[in-house]
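One structure is given below, encoded as structure tokens.
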Amino acid sequence: MWHNPDMRIRYAWILIPALLLGLGGVTADATVLRGLDLTQLTDASPTILRGRVVTTRGEWKGGRIYTAVTVEVESPLSGTQRTGDRVTFWRLGGVVGNIAQRVLGSPRFRTGERVIVFLHARRGHLFVTGMVQGKVRVLPATASSPTRVAPAHHRLALRGARRVLQRAEPLTAFETRVRQLVRTRAARKGRRP
């Protein structure tokens, strides 16, 4: 049977597409993010706030799952929000029913978690700027240290040497730096912060 050249060609036409289709199920886990420093992240984020995550809800939108995250504002750092307001923004990926869609580099949020988020508007909705770089975790005070902030991307490789945060630092120092950058941005654009 294999001695016939025509049969070999027929089997090749069957086997090659079958192999290629079989490889179609292989997934690749890679996200390349350009590292942002705090100035770049602040400049790209008209809305910056510290708050507590109240709810998260996955939804299908255009064949993808997005998660709506609602945060109760504790302290607005930039934008029109006030303390006590609830702000909803979106992130790529999430869970709807028994289907989960994970996007590497997209920040995850848990109900009750305290965060500082850097947000920008796109198509009438707020989104996290710089993917996971736009989420900063607020760590509770301990007996030996004040309330601190830490990067959410501690295990994510970023292209370039820039980072929003290199390591945990006091919350007040970080917020002071962000507010100064917001004032500088407003002065460059001739507006109030």
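The values are calculated or read from the model by the stated rules, or taken from the named source; none is laboratory data. No experiment lies behind these values; they were computed from the predicted model shown. Positions of Cβ are generated from backbone atoms using ideal geometry, with glycine treated the same way; all protein chains shown enter the neighbour counts. Side chains included, ligands, DNA and RNA excluded: accessible areas come from the protein's heavy atoms. Shrake-Rupley method; radii C 1.70, N 1.55, O 1.52, S 1.80 Å.
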Residue pairs meeting the criteria (Cβ under 9 Å; at least 6 apart or on separate chains; first of a type in the set (Asp, Glu), in region 108-119; second open to solvent by less than 40 Å² (accessible area, probe 1.4 Å)): GLU113/VAL53; GLU113/VAL138
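In this structure, does GLY79 turn out to be in contact with a Phe, Trp or Tyr (Cβ under 9 Å, 6 or more places away or on another chain) and at pLDDT 90 or above?
The answer is no for GLY79.
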Listed by first then second residue, the pairs whose first member lies in region 59-83 and is over 29 Å from ALA173 (Cα atoms) and open to solvent by less than 70 Å² (accessible area, probe 1.4 Å), whose partner is hydroxyl-bearing (Ser, Thr, Tyr) and at pLDDT 95 or above, with beta carbons under 8 Å and at least 6 positions apart or on separate chains, are GLU59/TYR66; GLU59/THR67; THR67/THR56; ALA68/THR55; ALA68/THR56; ALA68/THR88
Report whether or not ARG82 is of a type in the set (Lys, Arg) and either in a strand (DSSP E or B) or on the phi > 0 side of the Ramachandran plot (or both). no
